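The values are calculated or read from the model by the stated rules, or taken from the named source; none is laboratory data. Not measured: the values here are computed from a predicted model. Counting neighbours? That spans all protein chains shown, and the Cβs are built from the backbone with ideal geometry, glycine included.
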Amino acid sequence: MMTDGIEPTQFTYTSLIYVLCRRRKLREADELFENVVGRGMKPDLVMYNALMDGHCSTGNMDRAFSLLKEMDKMRIDPDDVTYNCLMRGLCGEGKFEEARELMGEMKRRGIKPDHVSYNTLISGYSKKGDTKQAFMVRDEMLSLGFNPTLLTYNALLNGLSKNQDGRLAEELLMEMKSEGITPNDSTYCSVVEAMSNLEKDAEMSDVDSGKPKITC
């Protein structure tokens, strides 16, 4: 475009940065971003979010937070997308409490968390097997008027499967059905895994009572 005398627009630069980040070419994305600044063009929120998302996806949280500081200096207000990217990145590194603190900062800045925000935290805690914290976040989500989604239930069930809490998993499955949410393959896989301990308990009970073990 430049060779034809056509100056790329901000939208064009943002699109290119987004594509580079999706392909995990973060160095090229950073270079293009610096090129935008060097040309006297002020990056906007969408461009910052695109680059930040790329770095969060690859675990480069130092760079992601440096971009947040740049935004503050440029007086560009972050939005829910900005914070959701950062929270997801922190959860990916197992820094769940930092992600929780970030949600607090998000609220203090007048940015309302959304379904993505809460599901990100719930998913993070559940992957760790910390279902107590996951359900606490779910309860906070409910208190603010957000209804759980399929992603919410699947994340919680994933945590219950890790702890093999079959009874609670069964209750949660019944709850989501009553809410009109259709389970998918991931849902049932988690429930089956969670209930595996109940089957073992039943087998041990059969052995203790002298009943023969029945298999399919």
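What are the pairs with Cβ atoms under 9 angstrom where one residue, in the range 114-131, is modelled with pLDDT of 95 or more and the other, located anywhere, is buried (at least 24 other Cβ atoms within 10 Å of the Cβ) and aromatic (Phe, Trp, Tyr)? Sequence gap at least six, or different chains. Close Cβ pairs (under 9 Å, with a partner that is buried (at least 24 other Cβ atoms within 10 Å of the Cβ) and aromatic (Phe, Trp, Tyr)) amount to 117/83; 131/125.
Taking residue 205 as the residue in question, decide whether it is part of a helix (DSSP H, G or I), at pLDDT 90 or above and either among the hydroxyl-bearing types (Ser, Thr, Tyr) or over 22 Å from residue 135 (Cα atoms) (or both). No; evaluated as a whole, the condition is false for this residue. Condition check: farther than 19 Å from residue 84 by Cα, assigned to a helix (DSSP H, G or I) and either at pLDDT 95 or above or of a type outside the set (Ser, Thr, Tyr) (or both). Does residue 105 satisfy that? It is false that residue 105 is farther than 19 Å from residue 84 by Cα, assigned to a helix (DSSP H, G or I) and either at pLDDT 95 or above or of a type outside the set (Ser, Thr, Tyr) (or both).
Looking across the range 156-168 at every residue that is surrounded by fewer than 24 Cβ atoms within 10 Å (Cβ to Cβ) and part of a helix (DSSP H, G or I), the one that is nearest to the chain's Cα centre (by Cα) is identified as 158. Taking residues in the range 160-174 that are farther than 15 Å from residue 133 by Cα, and partners anywhere that are β-branched (Val, Ile, Thr) and part of a helix (DSSP H, G or I), the pairs with Cβ atoms closer than 6 Å and at least 6 places apart or on different chains are 169/191; 173/191.
In the range 129-139, what residues are part of a helix (DSSP H, G or I) and either in contact with a Gly (Cβ under 7 Å, 6 or more places away or on another chain) or loosely packed, with under 15 Cβ neighbours inside 10 Å (or both)?
Looking only at the range 129-139, we keep the residues that are part of a helix (DSSP H, G or I), and these are 131-139.
Scanning the range 129-139 gives 131, 132, 134, 139.
Given the structure, is residue 37 out of contact with any Asp or Glu (no Cβ under 6 Å at 6 or more places or on another chain), part of a helix (DSSP H, G or I) and surrounded by 15 or more Cβ atoms within 10 Å (Cβ to Cβ)? Spell out how you get there, then give the answer.
Details: out of contact with any Asp or Glu (no Cβ under 6 Å at 6 or more places or on another chain): yes; part of a helix (DSSP H, G or I): yes; surrounded by 15 or more Cβ atoms within 10 Å (Cβ to Cβ): no.
Against the criterion (out of contact with any Asp or Glu (no Cβ under 6 Å at 6 or more places or on another chain), part of a helix (DSSP H, G or I) and surrounded by 15 or more Cβ atoms within 10 Å (Cβ to Cβ)), residue 37 does not qualify.
Scanning the range 138-155 for residues being of a type in the set (A, V, I, L, M, F, W, C) and under 13 Å from the mean Cα position of the chain (by Cα) gives a total of 2.
When you go through 113, 43, 78 one by one, which is the residue that is within 16 Å of residue 16 (Cα to Cα) and either part of a loop (DSSP other than H, G, I, E, B) or under 12 Å from the mean Cα position of the chain (by Cα) (or both)?
Numbers: 113 fails: within 16 Å of residue 16 (Cα to Cα); 78 fails: within 16 Å of residue 16 (Cα to Cα).
Being within 16 Å of residue 16 (Cα to Cα) and either part of a loop (DSSP other than H, G, I, E, B) or under 12 Å from the mean Cα position of the chain (by Cα) (or both) holds for just one of 113, 43, 78, which is 43.
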